[in-house]
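The values are calculated or read from the model by the stated rules, or taken from the named source; none is laboratory data. This one's a predicted model, so the numbers in the text were calculated from it and none came from an experiment. Cβ sites come from the backbone with ideal geometry, for glycine too, and all protein chains shown count toward neighbours.
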Amino acid sequence: MHGAPDPSPWITRWQHLLAPQATVLDLACGNGRHVRWLAARGCRVTAVDRDAEAVAPLRTLAEVIVADLEGGPWPLADRRFGCVLVTNYLWRPLWPQLLDALAPGGVLLYETFAAGNETVGRPSRADFLLQPGELLSRCQGLRTVAFEDGFLPGPDRFVQRIAAVRPDPAVPGPARFPLPEHG
């Protein structure tokens, strides 16, 4: 979950899609569990959150931007990243900026709560829950490598998650996105 110390299994499962030393935007990064994990793997991370106290310890690991994503201007105009990462956060008005921040060949790793979560806990407001198929439709124009929509136990939650890549017209031939083996 968002306050958990370990990175999301979804993020660790698909991080191999990132280029070595990728530039990563961790949007609504909270306490920085993914910032720490990706920085330790050589990524150059930009961490964005509105909680200055939560992100203060991250300043030695990443570029930190304190910004109110829901009430203020988009803080990353004209910047592109090799990966845009979002977990446990949904603010629909940001979708155009979020997708625009993804560089050609860049990877979108997104995981958040979905409809049905209101039956097991918080968040429970429809404003904060993806509707069936919503994440897929928001990612039209990207190459979907993996998508899941379902229920996860312990702690119980309904989620949608996607790993998708912005096509890079400069790369000839069919793109190869390795799928991880399951044991």
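Residue check, ASP127 against (1) over 27 Å from VAL45 (Cα atoms); (2) under 17 Å from the mean Cα position of the chain (by Cα); (3) among the acidic types (Asp, Glu), all met but one. Which one?
Unmet condition: (2).
For the stretch 40-64, how many residues meet the condition of being β-branched (Val, Ile, Thr), in contact with a helix residue (DSSP H, G or I) (Cβ under 7 Å, 6 or more places away or on another chain) and either modelled with pLDDT under 95 or within 18 Å of GLN21 (Cβ to Cβ) (or both)?
Selection size over the stretch 40-64: 1.
Please go through the stretch 51-68 and pick out each residue that is closer than 24 Å to ARG161 by Cβ and buried (at least 20 other Cβ atoms within 10 Å of the Cβ).
VAL55, LEU58, ALA62
Scan GLY154, GLY150 and give me the residue that is of a type in the set (Gly, Ala, Ser), modelled with pLDDT under 95 and surrounded by fewer than 13 Cβ atoms within 10 Å (Cβ to Cβ).
GLY154
Right, THR46: touching a residue at least 12 places away in the same chain (Cβ under 8 Å) and buried (at least 20 other Cβ atoms within 10 Å of the Cβ) or not?
For THR46, the condition - touching a residue at least 12 places away in the same chain (Cβ under 8 Å) and buried (at least 20 other Cβ atoms within 10 Å of the Cβ) - is met.
What pairs come up if the first residue lies in the stretch 128-151 and is over 27 Å from PRO174 (Cα atoms), the second is among the aromatic types (Phe, Trp, Tyr) and outside any loop (DSSP other than H, G, I, E, B), and their beta carbons are under 8 Å apart, counting only those six or more places apart or on different chains?
Qualifying pairs under 8 Å: PHE128/PHE113; LEU129/PHE113; LEU129/PHE158; LEU130/PHE113; GLY150/PHE158; PHE151/PHE158.
Cβ-Cβ distance below 7 Å, separation of 6 or more or different chains: which pairs start in the stretch 5-17 with a residue that is in contact (Cβ under 8 Å) with a residue 12 or more places away in the chain and end on one that is part of a helix (DSSP H, G or I) and surrounded by 22 or more Cβ atoms within 10 Å (Cβ to Cβ)?
Once the first residue is in contact (Cβ under 8 Å) with a residue 12 or more places away in the chain and sits in the stretch 5-17, its partners that are part of a helix (DSSP H, G or I) and surrounded by 22 or more Cβ atoms within 10 Å (Cβ to Cβ) give PRO7/HIS34; ILE11/HIS34.
Regarding ASP168, is this residue surrounded by fewer than 17 Cβ atoms within 10 Å (Cβ to Cβ), without any contact (Cβ under 8 Å) to a residue 60 or more places away in the chain and acidic (Asp, Glu)?
No, not satisfied.
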